[in-house]
Amino acid sequence: MKYTQSKDKLLSLIREGGKLDWKAQVKLTALLSLPSMLAQLVHIMMQYIDASMVGSLGAQASASIGLVSTTIWLFGSLCHAISVGFYVQVAHKIGANDFAGARQVLRQSFISCILFALALSVIGVGISSYLPHWLGGGEDICRDASLYFMFFSMCLPFSMLNSLCAGMLRCSGNMHIPSILNIGLCLLDVLFNWLLIFPSRTYEGSIFNIQYSMDIPGAGLGVAGAVLGTALAFVICSLLMCYFTVVRSKELSLRQDTGTFIPQLKTLRESFHISAPIAVEHVILCGAQIVSTIIVAPLGTIAIAANSFGITVEALCYMPGYGISDAATTLVGQSLGAGRRFLARSFGRITLSMGIAFMTIMAVVMYCCSPALMSVMTPDLDVQRLTVQILRIEAFAEPMFAASIVCYGIFVGAKDTLIPCTMNLASIWFVRIVLAYMLVSRMGLQGVWIAMATELCFRGIIFLIRFRGDSWLKAFSKPQK
């Protein structure tokens, strides 16, 4: 209760033109960032546990998921991009004290987003049997990879609903409900996976010299059980997220007034202006990641599995960056909606400094602890050794990766998406992919990750250069306060 009152009071100062000194800005940034960071941390831990469960089935099972993971990111990021176009509008309207207008945008977002997700779901199911072969996977992993992608595609409407409603709540200043529900999502995912991946088994042991035997039910579905567990968790969490958005939210509850759910041209045009560059960026960016998968695939099952584990473990580092980026979008969006450019820039500096500091600390943790993490995630010693090598390469790039992540959140809050998206695309295609192609034949998977680390450093530098200027603030013409 005290957290909510303190956060709401500080957010109201943004909308009402009140004075926010440096300490108050840091406090508000922390209040908005920490719940999101906690949710990100639990989400990463869920990924670790998932990967460990699948990894216990062997390198082949891990490789089957790793093969389609980049395409899964493509579909998931497209859903996220579409939802951004609507919830950033909500942040601006709340910043301008137009709560009725924010609710109108919320109503109109549902049909547009769910129809898009359904169309994407149909496409995903349709290509699921062909995709692993297109990506160069061997016959030993294609069947499991196809099943995994098909079930993921069927879950996309619920993934979209979760992303949309969580974004709406965050942009209204409510960071704790999305965080709590996403923590619940992670816990449910682990529980369902535990029941669906493995067959029924019996645990025996003793406590205080008392012998016990426990029968645990299981479906024994293997890789398919992993994605089904995630799908069930998303269904439950997305429906709860929707309930807290449209019924319980003080700012967004649709019971406060009436309006149309049919998307209006003005709302769609504004959403397209924000979302289109992000969507195009994600398509081309994930296309580059798919190309990276194709580059890695000929290196064999061990390399594919190590690459997949490396991506999962690296998430430990960038988890704080994305949590702070969420806060940056809310703070910058509401500040600019209230016409307070100087405050928006100040929040940008604070969130950027926090993001770089946290991700640098996490990079040190990853460098030191990666052998222990990998010993838990897979019993395959070859996969362990290769994954530790590539993670220690990547650790040196994390501070600049933080700069690009948080800057991007800042720019999204300012409706400045076209140029940052172009910067992302140019960086990954002309630096990462070119370098990876040049290095893979001589250095194997290590060469691919050296290319990735080099590109992340380059990307962070160019994003910092853009942040120092004023061009990202020019989307707004309201007078400064």
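Please treat every number below as a calculation from the coordinates, not as lab data. Keep in mind it's a predicted model, so treat the numbers as computed, not measured. All Cβ positions, even for glycine, are placed from backbone atoms using ideal geometry, and neighbour counts span all protein chains on display.
Just a few scattered comments:
- Overall, the chain carries a charge dipole of about 2180 debye about its Cα centre when +1 sits on the Cβ of Lys and Arg and -1 on the Cβ of Asp and Glu, all other atoms neutral.
- Packing-based exposure ordering (other Cβ within 10 Å, fewest first) of 194, 22, 472: 22, 194, 472
- With θ taken as phi - 60° and the Karplus curve 6.51 cos²θ - 1.76 cosθ + 1.60 applied, the whole-hertz 3J(HN,Hα) list for the range 150-155 is 5, 5, 4, 4, 5, 8 Hz, x standing for glycine and proline.
- Note on residue 255 and residue 269: the model spin-label points, each 7 Å out from Cα along the C-beta direction, lie 3.6 nm apart.
- Segment residue 441-residue 419, length gained on full extension (0.36 nm per residue, minus Cα span): 4.6 nm
- Under Karplus coefficients 6.51, -1.76 and 1.60, residue-wise ³J(HN,Hα) of the range 384-393 in Hz, glycine/proline x: 4, 4, 5, 5, 4, 4, 6, 5, 6, 5
- Sorted fewest first by neighbouring Cβ atoms within 10 angstrom, 466, 107 come out as 466, 107.
- Projected label distance in nm at residue 283 and residue 219, using a 7 Å step from Cα toward the beta-carbon: 3.4 nm
- One decimal place: the segment residue 24-residue 294 gains 92.4 nm when fully extended, by the rule 0.36 nm per residue minus the C-alpha distance.
- Note on residue 342 and residue 114: their simple-model spin labels are 4.6 nm apart, each label 7 Å out from Cα toward Cβ.
- Here 369, 407, 79 are placed in order of increasing Cβ neighbour count within 10 Å, fewest first, which gives 369, 79, 407.
- Between the listed residues 256, 222, 235, the Cα displaced farthest toward the positive end of the dipole of the range 208-275, a dipole computed from Cβ unit charges relative to the Cα centre, is found at 256.
- Cross-link pairs exceeding 23 Å in C-alpha to C-alpha distance, out of 9/250; 19/93; 266/415; 93/250; 250/415, comprise 250/415.
- Packing rank of 87-97, 429-439, where each peptide gets the mean count of other beta carbons within 10 Å, highest leading: 87-97, 429-439
- With R₀ set to 35 Å, the beta-carbon distance separating residue 204 from residue 180 gives a calculated FRET efficiency near 0.45.
- In order along the range 133-142, the phi-based Karplus estimate (6.51 cos²θ - 1.76 cosθ + 1.60, θ = phi - 60°) of 3J(HN,Hα) comes to 6, 4, 7, x, x, x, 4, 6, 10, 5 Hz; Gly and Pro are listed as x.
- Using 0.36 nm per residue and subtracting the Cα-Cα separation, the extra length available between residue 474 and residue 6 on full extension is 165.4 nm.
- Paramagnetic reach from residue 389 in the range 274-296 [backbone N under 20 Å; point 7 Å along Cα→Cβ]: 292-296
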